[in-house]
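Structure first, commentary second.
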Amino acid sequence: PWRRTSGIHKVKNRRALAAVKELWTARDQLAQKRDTTPGRLIPDSAIIVAATSLPASRHELLETKGFHGRGAKRFVRLWAEALDRARELPESELPSPARRNDAPPQMRTWIDRDPESAAQVLTAKSRLQEFSDARQVPIENLLTPDYLRRVIWRPPTGAGDLETAIKQALTDLGARPWQVQITAPMITSAIEDPDPLPKKEPPKSPGDSSGSPAG
């Protein structure tokens, strides 16, 4: 999940990637303890700027452009320790550059590439939208759209039932516990029993003269 940090494409070396991973992990663990969203502690942009500059002290960290806010200052010791761990990591243990081939394709291609998955994701989106409309909650707050696409394009497998596997997959992606509890049953239902895809209108043949004036 840490590889999905916004702006990670700006990180060019493995040591900085290690810093992203350490900061992301520290933030995620703290967010779970405090029952808050990670971005309220420090935004992804702060992680990227700290990882790419690797400041040597807490003071330098807080002076880093873009690394500011109440969460940055209040937990500066935690962030500095994360950067220290990244600095001290042996070369052999540094993470490899991110690979981009695990992302699902663009939604507009799903119907042609995998109609079954297309029906499943459209069904899931429809049910999430109904839930969000009924409670006047933005659908993006229920679940990050990318997480939905990922678990449907490549449904999780393993021991146990599908819903349990989906809950674990969403958690691994970074969804909050309350998001998982709400959305996993709807996603499971959409995968197991999707609504049919809308029928495509057949293309008109070149000789179709409907609507043209009579000669």
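What follows is calculated from the coordinates using simple rules that are stated; it is not laboratory data. Just so it is clear, the model here is predicted, and its values are computed rather than measured. Cβ coordinates were reconstructed from backbone atoms using ideal geometry, including for glycine residues, and neighbour counts include every protein chain displayed.
Annotations
- Sum of -39500 (n - 2.57) over DSSP H runs of 4+, divided by residues of the chain (222 nm, nearest 500): -17000 deg cm²/dmol
- Estimated dipole of the stretch 1-76 in Debye, rounded to 20 [Cβ of Lys and Arg +1, of Asp and Glu -1, Cα centre]: 80
- By the compact-protein rule of thumb, 2.2 N^0.38 Å, the alpha-carbon radius of gyration of the chain corresponds to a ratio of 1.33.
- The angle between the Cα long axis of helix 44-53 and the main principal axis of the chain comes to about 50°, on a 0 to 90 degree scale.
- Taking N as the residue count of the stretch 107-192, its C-alpha radius of gyration divided by 2.2 N^0.38 Å amounts to 1.02.
- For the stretch 24-52 versus the stretch 153-196, the gap between their alpha-carbon centres in whole angstrom: 24
- The modelled label-to-label distance for the pair Asp193/Asp172, using points 7 Å beyond Cα in the direction of Cβ, is 2.8 nm.
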